[in-house]
Amino acid sequence: MNKVISRLIVGAAALTVAVNAHAQISQWSIGAAAAYSPSFYKDTPSNTTVIPMIGYEGEHIFLRGFSGGYRLYPIGAPQNIIFRFMYDPRTFQPEDSDNKAMQQLDERKSSVLGGVSYQMITHVGIVELTGGTDIGRTHNRLYAEAAWRLPIRGKGWAITPSFGYSYNSEKLNNHLYGVSVEESKRTNGVINQFDADWDGQFFIGLSTYFHVAPNIRITGGLRYVNLEGNLEDSPMIEHTTSSTGNVGIAYVF
C-alpha cells in the first residue's frame, strides 16, 4: 500500500476535534501523527507512517490535514451545506506487491475528490450526506457517503463513535478493484478478468482527543472498513476487511 494511504487516515482522524461544533474560531494546530494501515490488495505490505500535520478551524473555512472545505453557514449551525475537497490516497503500485501476477496489473493512481455535504446536528448525533466526484481527473467517477457521528465531550476531552456507508460508481470501483481483459492476459490467466458493479463499503470508527495541557492535544482513532457486494469477488483483493489506527500530538494556538 502506498504511504499516502496512511497520510489521509491521519489527516482525517488525527484532527477529529476540528468537527467540534463548539471549537474556538480561527484555531490553528500543528503537530505530528503516526498511522498503521493494512492493504486490501494481495501480497501488498501494510504501512506505518509518521508525518507532520497542520490544521485550521475557522467559522466557515477548515483545513484538516489532506482535506478542507467551506461551510455555507457558521460552524455549529443546526443545518449546513459544506463544499469540500479531500485527497483520495487509494492507490495500487504493482511493484509493491510480492505476487508476480499482481505485478503485471496496471497502476491505480491517487486523486483529489470534490463534493458537497448536507450536515444536520441533532440531539442524537451529527448526520452527514455527501456526494461528489473526482476533480483530479484520474477517473472522473462518482461517489456518495452517509455517515453518523456522536461526539461525547468532557472538559478537555472528547470521544466520537461513528459509522456509515460509502457507495462508489461502477467505473470508480473498476478503477480500484477491476481487472481488464488485457491485464488478465498479461498474467496468463492467473488473475481473472473482473468487472465491478455499483457497490461500496461499511465503516465503523472511534476517534478521541484529550488535552494534557491547555495547548497540547493528544489525538487517536480506529477505523474498521468492510468491502461488500461483488467487490468481495475481486481477484485483486486479499482481505475484504481492514482496520486502521492512528495517534498524534498537536500544539493548539
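Odds and ends about this structure:
- Between His123 and Ser180, the distance separating the two model label sites (each 7 Å from Cα on the Cα→Cβ line) works out to 5.6 nm.
- Look at the dipole of the chain built from charges on Cβ: of Tyr56, Tyr41, Tyr165, the Cα furthest out on the positive end belongs to Tyr56.
- When +1 charges are put on Lys and Arg Cβ atoms and -1 charges on Asp and Glu Cβ atoms, the dipole computed for region 4-252 relative to its Cα centre reaches about 960 debye.
- Length gained on full extension, Ser110 to His239: 44.4 nm, using 0.36 nm per residue less the C-alpha separation.
- Lysine pairs with alpha-carbon atoms under 26 Å apart, the chain, spacing 8 or more or separate chains: 14
- For the chain, relative contact order (Cα pairs under 8 Å, six or more residues apart, normalised by length) works out to 20 percent.
- Cα-projected label distance for Asn215 with Val50, points at 7 Å along beta-carbon direction, nm: 2.3
Laboratory data are not the source of any read-out in this text; all were calculated from the coordinates shown. What you see is a predicted model, and the numbers here were worked out from it, not measured in a lab. Positions of Cβ are generated from backbone atoms using ideal geometry, with glycine treated the same way; all protein chains shown enter the neighbour counts.
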